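Below: the structure, in structure tokens.
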Amino acid sequence: LGPTFERSVTSERERLVLQAQHCIHKEQLQVHVVSNAPARCQPPKGSRGKAGVQLECNYKFWQETHKMVALGETIVDLVSEIPGGVLAFFPSYNILKKLRWCWEN
């Protein structure tokens, strides 16, 4: 889980080794940052700024439905191209609930 986390949960004299090696091997892990939604995801008409949707993680992003839809379409595209499954992380359970509501409606 990392040295910073380890220092935050243990004292100097009782260092634990925090590991989850049973989950996956490091050869099975790839991390990618996706900063833009697919080109077909466009902002609403009349919006200012460039075409396409930039994927961000800030308060304003989570208030705009078209951006949450674009994130969902990006995830769908990635999942369809990656064999063996995908694990996605979100900043909080509240964000996950908001996204799920948006995608289901």
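The values are calculated or read from the model by the stated rules, or taken from the named source; none is laboratory data. All of these numbers come straight from a predicted model, not from anything done at the bench. We place every Cβ from the backbone using ideal geometry, glycine too, and count neighbours over all the protein chains shown. These area figures cover heavy atoms from the full protein model, side chains too; ligands, DNA and RNA do not enter into them. Shrake-Rupley method; radii C 1.70, N 1.55, O 1.52, S 1.80 Å.
If you go through the stretch 72-103 one residue at a time, how many are in a loop (DSSP other than H, G, I, E, B), open to solvent by 70 Å² or more (accessible area, probe 1.4 Å) and over 23 Å from A39 (Cβ atoms)?
So the answer is 5.
Which members of the stretch 49-71 meet the condition of being charged (D, E, K, R) and part of a helix (DSSP H, G or I)?
Hit for the stretch 49-71 is K67, nothing else.
Select from the stretch 13-71 the residues that are at pLDDT below 70, among the small types (G, A, S) and loosely packed, with under 10 Cβ neighbours inside 10 Å and list them in ascending order.
A20, G46, G49, A51
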